[in-house]
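Data block below; observations after.
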Amino acid sequence: MTLASLSLAAAIVLTSAQSVPAPTDMGASVAPLVERVKASVVTIQSMKVIPRVTHEDPFSQYFRERFGMGDAPSRRETQMGLGSGFIVNKAGIILTNNHVVAGADEVWVQLGDQRRFEARVVGSDPATDVAVIKLNRPPSDMRPVVLGNSEQVRVGDYVLAIGNPLGLGQTVTMGIVSAKNRMLGGQITQYEDFIQTDAAINQGNSGGPLFNFRGEVIGINSAILNPAMAMNIGFAIPINLARQIADQIQRGGSVARGYLGVGTENLTPEKAKRLGIPFEPGALVNVVQPGSPAEAAGLRPNDVIVEVAGRRAEDSGGLQRIVQSRAPGETVAVGYLRGGRRATTQVRLTENADMRGTQVMGMQVVPLSPSEVQELGSSGLKVVSVDRRSPASGSLQPGDVITHVVLGTQGKPATAALLKQLEQRLTRGGGGRLVIVRDGYQLVLTLE
């Protein structure tokens with residue numbers, strides 16, 4: 001049986017919009033629900049070996065370099081990671097977060113009954129923080145979850161989060177869906193469409209399931225805000241998005257997203273008044289990328305996109321989510337307003353290969369979009385994700401924009417190739433500097 005035949009779509013259950021049971025409907029206890037689903041939740045342990053250059057005194061360095069005595073002394077450092085995940089099928093496929101297994105040399109999965117199995121990473125997508133792993137020798141008694149439909153989740157629905165927070169062991173927390181379609185400005189991942197919940201989520205919960213009260217997984221627990229700033233605010237990747245990404249990973253090992261080729265901003269009543277058009281929620285086009293599908297379909301700056309493929313696009317984030325949920329090569333109907341008049345055009349989406357990003361220095365970076373370049377006034381690379389075990393961890397964070405790389409005395413506009421040169425210098429005991437923009441402020445970071 002091939003991986004392609006193990007499509008997650010077979011596990012999806014499209015439920016009706018009926019209300020989710022309340023705790024009082026369960027005899028004032030959710031214990032029966034927990035008993036039914038907990039065996040499907042696993043703990044994931046990862047191990048990564050990182051070579052570190054050992055600092056040496058100037059006298060030893062001089063003689064080593066003067067007489068060609070080889071590279072600087074180094075040591076191997078082992079770093080461990082801990083997260084959660086859930087079983088998707090009996091063939092040993094498990095879903096988790098990319099940041100749980102990114103860069104791992106070894107991955108081990110522990111079931112609820114404490115049995116441990118070695119696993120491998122089938123593929124991952126840092127842009128959405130979704131990863132697929134597979135047990136090398138899955139046992140015959142694995143208990144897969146049932147995948148729900150995150151489109152039907154409502155604010156106020158009861159949810160359960162199950163995982164292994166802080167290494168305490170399997171833990172269950174309960175709450176409600178606090179918000180949907182939450183975007184955090186690229187702070188966590190490049191493509192954001194989070195379910196927000198007040199069910200307690202802590203380090204170690206990452207990659208674990210968020211269940212509704214029918215026992216269906218509606219999200220993958222992925223992120224928390226700084227506990228010093230906020231409490232009871234956690235975020236989960238909608239399972240419909242995760243399922244789509246995971247299916248692509250299983251079929252081809254990589255993820256391709258639809259590309260329209262426009263830079264947009266939210267249309268507000270004030271902007272509509274300034275443009276002299278009636279206000280309707282939508283995505284105001286600022287930039288049309290030359291040679292893009294949008295240009296070929298006749299879209300122009302100041303058009304307001306309000307619908308794609310029959311789905312409402314009420315803002316820039318909504319437009320992005322819809323377009324990226326479609327496959328490259330697909331033709332979709334785009335409804336837009338031009339001068340207050342409604343029109344429709346057919347657009348054949350392509351793939352923007354550049355937006356797949358580059359893995360370098362233990363992080364993923366992507367080029368800025370046309371609208372981001374226009375807003376910043378400079379080209380650059382946006383940091384999508386950072387492996388907490390990488391040299392960049394602690395210095396760079398998701399959402400940072402790297403504008404220049406300084407390897408000598410002069411800085412050059414940031415490119416993936418220059419970052420790879422810096423990475424090579426770091427492994428040899430050298431260093432360099434990065435000019436970044438974070439929260440509107442320009443910073444210079446020195447890496448050694």
Could you work out how far apart the two model spin labels at T78 and V146 are, taking each label as a point 7 Å from the Cα in the direction of the beta carbon, and quote it in nm?
4.2 nm
Would you list the P(r) distribution for the range 355-447, with all Cα-Cα distances sorted into 10 Å bins from 0 and each bin expressed as a whole %?
17, 56, 25, 2
Exactly which trypsin sites (Lys or Arg not before Pro) in the range 111-166 are in a DSSP loop and have at most 12 other Cβ atoms within 10 Å?
R115, R154
Going by how many other beta carbons lie within 10 Å of each one, how would you line up L284, L95, L447, fewest first?
L447, L284, L95
Protection proxy (average C-beta count within 10 Å per residue), highest first, orders 31-44, 422-435 as 31-44, 422-435
Classify the range 228-333: rounded, prolate or oblate, from the alpha-carbon gyration tensor (a ≥ b ≥ c, eigenvalue square roots; a/c under 1.5 rounded; otherwise prolate if a/b is larger than b/c)?
oblate
All lysines inside 16 Å of K420 as judged from Cα atoms, apart from same-chain residues fewer than 8 positions distant:
K382, K412
Sorted by average packing, counted as other Cβ atoms within 10 angstrom per residue and highest first, what order do 214-220, 291-297 take?
214-220, 291-297
Sketch the reach of a paramagnetic label on F279 as a point 7 Å from Cα along Cα-to-Cβ, and name the residues of the range 288-328 whose backbone nitrogen lies under 16 Å away.
314-316
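Every read-out reported here was derived from the displayed coordinates using simple, explicitly stated rules and does not represent laboratory data. For clarity, every value in this text was computed on a predicted model and none was experimentally measured. Note: ideal-geometry Cβ built from the backbone for every residue, glycine included; neighbour counts use all protein chains shown.
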